[in-house]
1. Quick one: pull the percent of accessible area on the chain belonging to carbon and sulfur, 1.4 Å probe, ligands and nucleic acids left out.
2. Starting from the 7 Å offset along Cα-to-Cβ, what nm value, one decimal, do you get for the label separation of HIS38 and ARG256?
3. In deg cm²/dmol and to the nearest 500, what is the mean residue ellipticity at 222 nm of the chain if only DSSP H runs of at least 4 residues count, each as -39500 (n - 2.57), divided by the residue total?
4. Specify the inter-centroid distance of region 1-41 and region 204-236, based on alpha-carbon positions, in whole Å.
5. Measure nothing but the geometry: give the 0 to 90° angle between the long axis through the Cα atoms of 225-240 and the longest principal axis through the Cα atoms of the chain, rounded to 10°.
6. May I ask you to derive the relative contact order of the chain, considering only C-alpha pairs under 8 Å and at least 6 residues apart, and to give it as an integer percent?
7. In percent, what relative contact order does region 1-53 have, based on Cα pairs under 8 Å that are 6 or more apart in sequence?
8. In Å², and per residue, what accessible area does region 210-269 have when probed at 1.4 Å with the other protein chains present?
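The values are calculated or read from the model by the stated rules, or taken from the named source; none is laboratory data. These numbers were taken from a predicted model, which means no experiment stands behind them. Here the Cβ positions follow ideal geometry from the backbone for every residue, glycine too, while neighbour counts run over all protein chains shown. For the accessible areas, the whole protein counts, side chains as well, though only heavy atoms, and no ligand, DNA or RNA atoms are used. Shrake-Rupley method; radii C 1.70, N 1.55, O 1.52, S 1.80 Å.
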Amino acid sequence: MDYEFLILSQDDAVATITLNRPAAMNAISYRLERELHHALDRSDSDPSTRAIVLTGSGSAFSAGYDFDEDVPGDEASASTRLREWLDINQRSTEGFMHVMELSTPVIAAVNGWCLGGGFWYALCSDITIASEDATFGQPEVRGISSSSILFAVLAGWKNAHRYTLTGDHFGAVEALRMGVVNEVVPAEELLERAYALARRIAMVPADSVRLNKAITTYGLEAMGLRNAHNVMAFLSTIAHASSDSPDVRHLDEAFRTGGIRAFLDARDGPFQPEPGGRRSRRDS
């Protein structure tokens with residue numbers, strides 16, 4: 001595959017996958033996601049690759065799923081919306097499990113914005129290192145959307161609900177406190193730290209890494225993680241198919257008349273300032 005929206009590079013035993021749509025803050029389109037999983041499989045199948053670093057170009061790890069993608073609109077029949085949203089949501093959850101089930105560890109190096117689907121990929125990575133300026137969140141829930149069960153698995157029920165039920169942003173220090181990331185480093189040291197950790201993993205016998213990674217992943221699956229992901233896909237489908245709710249009618253109108261900028265202003269404006277991250281009162 002010729003990659004259009006990511007860069008795959010190799011340095012000795014470490015592969016780097018860089019999401020590369022900087023003008024769109026590395027928003028995850030269908031094509032980018034397909035390229036991502038192709039690159040993950042390509043690196044995983046190379047016996048010389050002992051660790052994979054996943055990061056983003058420009059000012060973001062990823063701002064989440066692409067608003068410009070074709071998704072079933074309210075004018076479609078209920079059965080069409082449910083069918084198409086279920087396909088989208090099942091594909092997404094399978095993507096997160098794919099990262100977890102790789103035999104090669106994935107280290108997410110989170111730079112800047114890490115929202116929505118981008119946040120979910122940071123959650124399902126084996127290790128996550130964040131720059132001090134990283135900002136996390138799921139603001140899409142403010143427009144009737146879904147969260148990820150992995151957030152509650154990692155951060156705990158109470159912590160996850162604090163942000164899942166508001167869509168509020170939170171910064172790297174809060175992410176570290178909750179257990180969502182392993183480490184916070186200055187932005188200029190992010191990739192250096194990720195590569196140093198990847199090289200340490202590369203010194204461990206490959207079979208040991210593969211089997212110990214599998215013990216964790218398949219142990220979580222045996223405890224019900226895959227079933228939880230399946231339920232998440234079903235409930236996410238209901239959430240997405242509920243976009244004709246009167247609670248979000250003003251958001252639809254804002255998008256229709258003013259585009260994505262007006263939509264985001266209408267959705268997030270009432271929540272400003274955010275409690276953490278780049279749009280917090282402390283940072284403004």
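1. Values: 7470 of 13520 Å².
Carbon with sulfur: 55 percent of the solvent-accessible area.
2. Between HIS38 and ARG256, the label points sit 3.8 nm apart.
3. That calculation yields -15500 deg cm²/dmol at 222 nm.
4. Between the Cα centres of region 1-41 and region 204-236 lies a distance of 23 Å.
5. Around 30 degrees separate the two axes.
6. Values: 500 pairs, mean separation 52.9, N = 284.
Taking the mean separation of contacting Cα pairs over the length of the chain, I get 19 percent.
7. Details: 62 pairs, mean separation 22.9, N = 53.
Reported as a whole number, the value is 43 percent.
8. Numbers: 3520 Å² over 60 residues.
That works out to 59 Å² for each residue.
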